[in-house]
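Step one of this worksheet: look at the structure below.
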Amino acid sequence: MAIAYTWEITSLKTTTEGSNENAVVQTYWKKTGTDSVSSETGEFSGATPLSSVDVASFTAFADLTEVNVLAWIQAVVVGQYEDHVNEVILKQINEKITPVSESDLPWAS
């Protein structure tokens, strides 16, 4: 099973930090995985706070791109955290491929 992943930003929160207006301090995002064989999907929605803005590397809000913000998030969603995200997505896909249903007990009336 090969999973192809896509990321998307769903929302941003901003504040003023020093002379920087609309500095992004909180991101909301979604990572979607699609199984290449079954085409089933799973998704994980996350929230990643960002630390104080470095004045020297500040990017004006109007100049931000989704690629920029995703790079900030993907720098945080690594290691065990990324493993967890991918496991949640894979579990959702597997549950769609092989559904598990709850059954009544055979001895219950």
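Determine the dipole magnitude for the chain: charges of +1 sit on the beta-carbon of Lys and Arg, -1 on that of Asp and Glu, nothing else is charged, the reference point is the Cα centre, and the result goes in debye to the nearest 20.
Dipole of the chain, to the nearest 20 debye: 40 debye.
Expressed as a whole number of Å, what is the distance separating the alpha-carbon centroids of the stretch 1-43 and the stretch 48-102?
So the two Cα centres are separated by 5 Å.
Just one of (i) 6.0; (ii) 7.8; (iii) 10.4 is mean projected area of the Cα convex hull in nm² as worked out from the coordinates here. Which one is it?
Answer label, from the structure shown: (iii).
Heavy atoms only, probe 1.4 Å: what % of the accessible area of the chain goes to carbon and sulfur, would you let me know?
Carbon plus sulfur share of accessible area: 51 percent.
Nearest 5 is fine: what % of DSSP beta bridges in the stretch 1-60 come out antiparallel, could you say?
100 percent
May I ask you to compute the full-extension gain from Glu21 to Gln74, defined as 0.36 nm times their residue separation minus their alpha-carbon distance, rounded to one decimal in nm?
16.7 nm
Going toward the positive end of the dipole of the stretch 1-69, with +1 on Lys and Arg Cβ and -1 on Asp and Glu Cβ, which of Ala62, Pro49, Gly18 do you reach last?
Pro49
I'd like to check one number: the per residue accessible area of the stretch 1-89, probe 1.4 Å, reported in Å² as a whole number.
Result: 60 Å² per residue.
The values are calculated or read from the model by the stated rules, or taken from the named source; none is laboratory data. These numbers come from a predicted model, not from an experiment. Quick reminder, even Gly has a Cβ in these numbers, built from the backbone with ideal geometry, and neighbours come from all protein chains shown. What goes into the accessible areas is simple: the full protein's heavy atoms, side chains included, and nothing from ligands, DNA or RNA. Shrake-Rupley method; radii C 1.70, N 1.55, O 1.52, S 1.80 Å.
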